[in-house]
1. With θ taken as phi - 60° and the coefficients 6.51, -1.76 and 1.60, list the Karplus ³J(HN,Hα) couplings across the stretch A:30-45 in order, rounded to whole Hz; mark glycine and proline as x.
2. May I ask you to derive the FRET efficiency for A:R189 and A:K32 from their Cβ-Cβ distance with R0 = 45 Å, giving the value to the nearest 0.05?
3. Could you work out the percent of alpha carbon pairs in the stretch A:1-65 separated by over 18 Å, rounded to a whole number?
4. Using a Förster distance of 41 angstrom, determine the FRET efficiency expected from the C-beta separation of B:I123 and A:I66, and round it to 0.05.
5. Taking 7 Å along the Cα-to-C-beta vector as the label spot, tell me the B:L157-B:S64 distance in nanometres, rounded to one decimal.
6. For the stretch B:141-200, just the Cα set please: Rg and Dmax, both in angstrom.
7. What's the magnitude of the charge dipole for the stretch A:48-117 around its Cα centre, counting Lys and Arg as +1 and Asp and Glu as -1 at the beta-carbon? Answer in Debye, nearest 20.
8. Please name whichever of A:L184, A:T168, A:W138 sits farthest to the positive end of the charge dipole of the stretch A:34-192, dipole taken about the Cα centre and charges placed at Cβ: Lys and Arg +1, Asp and Glu -1.
Amino acid sequence: MKDIPRFAATLTIVALIAAGSLAWVNEITKPKILIQQQKELKEALAYVLPGSKTGVIVPVKENRKIIYYMGYKDKKKKQFIGYAFLVLSKGYSSTIRTLVGMDSTGTIFAIRVLSQQETPGLGSRCQEIRNGETTPWWQKQFSGEKATNICVDKDGGQIQAITGATITSRAITNGISAKAKWLLKKIGRSQK
Amino acid sequence: MSIVKEFTKGIYESNPIFRIMLGLCPTLAVSSSVNNAIGMGAAVIFVLVSSNFIVSLIRKFVPSKIRIPIFISVIATFVTIVDLVMAAFFPALHKALGIFIPLIVVNCIILGRAEAFASKNNIILSIADGFGMGVGFLLALVIIATFREILGNGTWLGIPIFGNSFKPVLLMILPPGAFFTIGFLIGFFNWIEHRRLAHR
């Protein structure tokens, strides 16, 4: 087996070239990808807090991390629209990131699922847009509902789960409900 | 060894799904809608052609005994680079094809063609082979997806075919439906081949 040193050398060279090119491409693309994500978040915030385009959206931090956003119709922060918060749910095969906008009474303006890696054709349909429309059809039903009181139909609620994707639907729905309860409690406490 | 022949064999005679039966895992997952089928097929064509090209390019430097880990490294690295570049420079396209790109790494067709063809043939023929296999894969996916989407969702490419009274067969969109469809289609093509040879 005097080939072993030769094989080891060849494999090492291949691994070095592979790792090297991946590290290089990663460095080049990382800033651009980050900009994309921030752009998407900004668009999503404007979408879930209707009317905020003319005003301003302020992040609220705790321990240096953003825990929710407050949206205003005007730049002087006099006309309050509502809150926006990020929900991380454990889906069927991925962590689902959803942005939710709701008013101070807890009624949802709109939601936007930012990212997911659920099963293509089933759970992934939570982001599906029908021919001729502009927003995902499944997410529309959340608008107008009380964030703390939503459930999928299988659990006795009013949110219609995606056929064949109950776990994904339930994860998003329950995640929103739990986070909304947490946020309203936090705001209620801070107002005392 | 004509270029055209290497290209066309992947479409029918050596179709990767119906005849060689490679890449069935992603096929089952992605053939539930025609839209997904086209997306995956397009991505696979791109990766197959490029991977065959690179493998053919380095074939003289690869010791036979360690060729598999080297091919896999090449394919996985290349697919990851494609994924990152798409996410950074073509965000709209990446959103549309996004899920399919990482799925390609586990597609046996890529490694299968690298091993069976690109490692033993020149660059031009390898590209033709990759392109033909990719197109054959795309066509097979679209045929399977047509059955599954029409029966399982009442639509084709998202366009409703039947009226509101149509009750879709949910099973068709789930894995068992994929198995049934692929099984019947393979049987069908086997039968056609059998008749064709019997008539000679």
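1. Karplus values, whole Hz, x for Gly and Pro: 4, x, 5, 5, 4, 4, 4, 5, 5, 4, 5, 5, 4, 5, 5, 4.
2. Values: r = 40 Å, r/R0 = 0.90.
For R0 = 45 Å, the calculated efficiency reads 0.65.
3. For the stretch A:1-65, the share of Cα pairs beyond 18 Å comes to 66 percent.
4. Working: r = 51 Å, r/R0 = 1.25.
So the FRET efficiency works out to roughly 0.20.
5. Those two pseudo-labels are separated by 4.8 nm.
6. Rg, Dmax (Cα atoms, Å): 14.5, 48.
7. The dipole magnitude comes to about 280 debye.
8. A:L184
No lab work stands behind these numbers, since they all come straight from the coordinates. Only a predicted model underlies this, so the values are computations on that prediction, with no experimental measurement involved. Don't worry about glycine lacking a Cβ; one is built from the backbone with ideal geometry, like all the others, and counts go over all protein chains shown.
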